[in-house]
Amino acid sequence: MKNAMNENSAMIRFLTRLCDLILVNLLLLVFYGTVVCSGAVLASVYGVLMKLSWGEEVSPVKDMLKGIKSNFNQAVSATLLLFVDVTALSIVRQYLFATELLFSPLLWIVLAFFALCLTAILSWLFPLIGRFENSFRGHFKNACLLSLKCFKTTLTITCINLLPLLFTTAFPSYLGFWAGLFGLIGLAGGAYINAYYLRNAFEAVGREIEAEGMKGRFE
């Protein structure tokens, strides 16, 4: 029992990490409601959770607030893309539950493919903004390149980011449960899991930066 309550025990480390994720998720929901700052908030969440996941020193609240400020300019355009993506995914989901056809099935397939591709790019874009200094144009170009170069990772992190949509679509009767779960920890938890898959790709980016003598930039 004493070993279990030791600050270095697996149980204490797990509970500490769980509390960190819940705190970050609550901050995400609070600041996400500002709408305009939603892109900067999401980038900051990735910045904090990548540090947390990779064992780097991090203060979740302080670093997240600092990240929102520093990422705001680069994230403005990304925020617009995020709203386009969310809107497209919402229409795709609504189509499945509509009592009558809203538009042709072919158009639905095109829209679903577009939303899937955009989600894949955004799955790289926000972590890049949260981790590296660059212009939006540079981040977007790198997100597109990495989504193709690291296709297996892209597939994994995109599926994880789409879990809220997949679960609420497959089990609509449990919508309240899923909303509570994702509201408590799900969104930050997904970003935290993604951080593991992003690590190898970003470490390769870091080696390129070091080789080129650049400071926090990746072009």
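The values are calculated or read from the model by the stated rules, or taken from the named source; none is laboratory data. Predicted, not measured: the structure shown is a model, and the values here were computed from it. Cβ sites come from the backbone with ideal geometry, for glycine too, and all protein chains shown count toward neighbours. Remember, those area values only see protein heavy atoms, side chains included, never the ligands or the DNA or RNA. Shrake-Rupley method; radii C 1.70, N 1.55, O 1.52, S 1.80 Å.
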The range 181-200 residues that are over 16 Å from Leu165 (Cα atoms), paired with ones that are β-branched (Val, Ile, Thr) (beta carbon under 6 Å, 6 or more apart): Ile193/Ile160; Asn194/Ile157; Asn194/Ile160; Tyr197/Thr153; Tyr197/Thr156; Tyr197/Ile157
Hey, Tyr32 hits all of (1) of a type in the set (Phe, Trp, Tyr); (2) under 19 Å from the mean Cα position of the chain (by Cα); (3) modelled with pLDDT of 85 or more but one; which does it fall short on? (3)
Take the residues in the range 143-174 that are open to solvent by 90 Å² or more (accessible area, probe 1.4 Å) and over 13 Å from Thr119 (Cβ atoms), then tell me which one is farthest from the chain's Cα centre (by Cα). Ser173
Confirm whether Glu100 is part of a loop (DSSP other than H, G, I, E, B) and within 21 Å of Tyr197 (Cβ to Cβ). no
Those residues of the range 83-126 which are of a type in the set (Phe, Trp, Tyr) and over 20 Å from Gly138 (Cα atoms), in sequence order: Phe83, Tyr95, Phe97, Phe103, Trp108, Phe113, Phe114
Taking the range 191-205 and keeping only residues that are among the aliphatic types (A, V, I, L, M) and more than 21 Å from Leu27 (Cβ to Cβ), one is left with Ala201, Ala204, Val205
Which listed residue is in contact with a Pro (Cβ under 6 Å, 6 or more places away or on another chain), open to solvent by less than 70 Å² (accessible area, probe 1.4 Å) and on the phi < 0 side of the Ramachandran plot, from Phe126, Phe132, Phe182, Phe136: Phe182
Does Leu52 count as assigned to a helix (DSSP H, G or I), in contact with a helix residue (DSSP H, G or I) (Cβ under 9 Å, 6 or more places away or on another chain), modelled with pLDDT of 90 or more and open to solvent by 10 Å² or more (accessible area, probe 1.4 Å)? no
Expected output for the range 117-143 (first residue within 15 Å of Ala191 (Cβ to Cβ) and hydroxyl-bearing (Ser, Thr, Tyr), partner at pLDDT 90 or above and buried (at least 22 other Cβ atoms within 10 Å of the Cβ), Cβ below 6 Å, 6+ apart or cross-chain) is Ser123/Ile157
Out of Thr99, Thr79, I need the residue that is at pLDDT below 80 and out of contact with any Phe, Trp or Tyr (no Cβ under 6 Å at 6 or more places or on another chain). Which one? Thr99
Name every residue in the range 21-36 that is among the hydrophobic types (A, V, I, L, M, F, W, C) and open to solvent by 40 Å² or more (accessible area, probe 1.4 Å), in order of residue number. Ile22, Leu23, Leu26, Leu29, Val30, Phe31, Val35, Val36
